[in-house]
1. Could you give every pair whose Cβ atoms fall below 9 Å, whose first residue belongs to the stretch 69-85 and is farther than 12 Å from L58 by Cα, and whose second residue is of a type in the set (A, V, I, L, M) and part of a loop (DSSP other than H, G, I, E, B), counting only separations of at least 6 or pairs across chains?
2. Quick one: F106 ticks every box in (1) modelled with pLDDT under 90; (2) under 21 Å from N29 (Cα atoms) bar one, so which box is it?
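The values are calculated or read from the model by the stated rules, or taken from the named source; none is laboratory data. Predicted model, so just to flag it, every value in this text is computed and none were measured. Here Cβ is always computed from backbone atoms with ideal geometry, including for glycine, and neighbour counts include all displayed protein chains.
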Amino acid sequence: MADKDIITIYNNSFGISFKWKRTEAKDLNKVQLVFENTGLYLNYDELLLFAKNVTDALKRPSMCNDCKNNISCKSILLETPVTQISFAMSYKELNDMYDLVNGTLFQLGLDTILQINTIHKQ
């Protein structure tokens with residue numbers, strides 16, 4: 001994957017979100033989230049659901065007392081929009097995922113507002 005093939009939406013130390021610039025095999029309205037060794041290819045509604053799942057997972061009580069301080073403790077189960085797939089994550093990973101997903105949603109919303117303003121000014 002080269003930078004010329006993607007439009008970066010948002011990134012942090014945990015991962016990156018982007019859209020494919022052009023390809024016949026990809027849906028240009030979907031967002032690719034890539035983190036650790038995983039990629040999720042989600043439409044906007046699925047991204048919203050995933051954001052809700054991340055928030056819900058952060059609200060659940062930890063399974064052990066030291067989970068918030070132990071990055072190797074992957075005791076939090078994160079559901080995805082694909083019902084057959086869940087991730088076991090540490091509290092830090094889940095917070096990083098929260099930032100990645102919500103940063104992506106924020107940037108998509110900002111891009112939409114800027115596009116609307118550009119159209120109205122023409």
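1. Listed by first residue and then by second, the contacts come to C73/M63.
2. (1)
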